[in-house]
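The values are calculated or read from the model by the stated rules, or taken from the named source; none is laboratory data. The model shown is predicted, which means the values in this text are computed figures rather than measured ones. Cβ atoms come from the backbone with ideal geometry, glycine included; neighbour counts cover every protein chain shown.
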Amino acid sequence: MNYLCLTSLPEEIGQLNNLATLDVHGNKLSGKIPSSLGRCTSLVELHMQNNLFEGNISSFLSSLNGLQYIDLSSNNFSGPVPTFLEKFQLQYLNLSFNNFEGEVPSKGMFLNTSATSLEGNNKLCGGMSILDLPSCSTSKGKRGSSTSRYVIIAVTCGMVVALILLLLLMTFYWLRRKNSKASVETPSIGGFQQVSYADIVKATDGFNSSNLIGVGSFGSVYKGNLANENKVVAVKVFDLKQRGASKSFMAECEALKNIRHRNLVKILTACSSVDFQGNEVKALIYKFMENGSLEEWLHLYLASDGTQRHRLSFVQRLNIAFDVACAVDYLHHQCQTAVIHCDLKPSNILLDAQMNGHVGDFGLARIFPNAIGDLPASQTSSIGLRGTIGYAPPEYGMGSEVSEDGDVYSYGILLLEIFTGKRPTHDMFKDALNLCDYCTVALPERMADVADQQLLFCETEESSITDTSNNQRNISAHVQECLVKIFEIGVACSAELPRERMKISDAVKRLRSLKERVDKM
């Protein structure tokens, strides 16, 4: 059928089921090969060279896997060279002088370069090196690079848009929070106007470390100066990253907003706002206590400026103990709402310029709205363990609820520490021995053995209450008798069982009687 000047192959050619050889070369046939040719599965040889055929050869070749001889040269076929030809049992393959493109397969028949002809297809690449075709890596790399570039651009654009949206949301949230915080009503105590974050930054010189006067569980305390009031204050800034700090702030505000007593640290105002970065800030501003904490006077003999501290005298200790007892009695029985402090200890007792004691730090306090006189010692709120080890009553450690008796226990330990100079957590207190037992076994004859040696030394220098001729360690009989009674009060307040503890009102009466007696010496 060659050189017959036919125009195209008819569709009916697919009906030649037993056709073994098809030779139509040199007939100037054009158009696409009918897909029906794929039904001629008996074909062994296919000669279609020197025509004008076009299109993709995969449509009719894929099912002719019995072919051994294929010559499609000098046509206008296009598209990729089918990879399925790698699996055919071909002896000869000629695809030269067409418009094939893409990567040449490199297996099967394509390994036999002497029986394969691909020349004249300028868009082919790859294949066996002997074919001398250009590498596909450059073109693939360009396509891959182009694709990657598009992906990168798309991802980058998406991230930029997401970031912009996130920034907008954060700005919106910050503005809302700032506005809401600015409108929060914080307690205004003592007639002070509420202060802003900028005010406390200015007051503390930007929270300068030179103004840092204390660090606690929930924050730091700075010395400051409120310029508009010309007053030195203590600014307690809460570390809101600490669990319970925000709750502690609210507890102090609630506890102190309606109570007034000469022996309670006076809160002036509060700050609940945001800093310059939009972070929440909570702070309390107190009246500044010039002489620091009782803890420092009992256990640190050097002041913050490096100078030697004066030792606390017997009279000073008695006055401070009385001040604290009066404050606790007020909190329990004289407030409109009962307040259980829950954390009485030397570091929470602050001393003013005249060495008067003031109870502070109400971060763990519990408030009971009932009238004080109606509050039984057992009325509490279940809150788990509160207070500080050594000062918290034993029943708190066993899951009991807070009570007035718990504060009385803490006061008893505090009183014993004031006059022994020993912390309840001292290394000597182990194997079931505690500060209360230590004092109990020494009363009354060995009182001088448990009393603070600094106290005894100080009293030998106070001629007004010292008899240097007769009494043990040169302490006057009056002072010895007072010390015994003080230790008895401390031991009675810190009894292990709550029902056996002295009432704080009784402790106040006994201490007042001792004060009056000492004042007459």
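List of remarks:
- Residue count, the range 401-423 (criterion: within 20 Å of E500 (Cα to Cα) and without any contact (Cβ under 8 Å) to a residue 60 or more places away in the chain): 1
- Number of residues in the range 437-451 that are modelled with pLDDT under 85 and basic (K, R): the value is 0.
- Matching residues in the range 422-444 - criterion: being assigned to a loop (DSSP other than H, G, I, E, B) and among the hydroxyl-bearing types (S, T, Y): T425
- Within the range 221-232, the set of residues being farther than 14 Å from G360 by Cα and modelled with pLDDT of 85 or more comprises Y222, K223, G224, N225, V232.
- Within the range 255-287, the set of residues being surrounded by fewer than 16 Cβ atoms within 10 Å (Cβ to Cβ) and either closer than 25 Å to F322 by Cα or of a type outside the set (S, T, N, Q) (or both) comprises K257, N258, R260, R262, D275, F276, G278, E280.
- Test result for F77, closer than 15 Å to S59 by Cβ, surrounded by fewer than 16 Cβ atoms within 10 Å (Cβ to Cβ) and either without any contact (Cβ under 8 Å) to a residue 60 or more places away in the chain or not assigned by the TED database to the domain that holds G55 (or both): no
- Criterion: of a type outside the set (A, V, I, L, M, F, W, C), modelled with pLDDT under 90 and under 60 Å from the mean Cα position of the chain (by Cα) - qualifying residue of S106, S59, S114: S106
Quick grid of which residues meet (1) under 14 Å from L514 (Cβ atoms); (2) polar (S, T, N, Q); (3) crowded, with 23+ Cβ neighbours inside 10 Å; (4) at pLDDT 95 or above:
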| site | (1), (2), (3), (4) |
| --- | --- |
| W297 | no, no, yes, no |
| L300 | no, no, no, no |
| A303 | no, no, no, no |
| Q308 | no, yes, no, no |
| V315 | yes, no, no, no |
| L331 | no, no, yes, no |
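- Of the residues G363, G357, the single one that is crowded, with 22+ Cβ neighbours inside 10 Å, under 14 Å from G387 (Cβ atoms) and touching a residue at least 24 places away in the same chain (Cβ under 8 Å) is G363.
- Number of positions in the range 502-521 that are at pLDDT 95 or above and not in a helix (DSSP H, G or I): 2
- Test result for V44, in contact with a helix residue (DSSP H, G or I) (Cβ under 9 Å, 6 or more places away or on another chain) and β-branched (V, I, T): no
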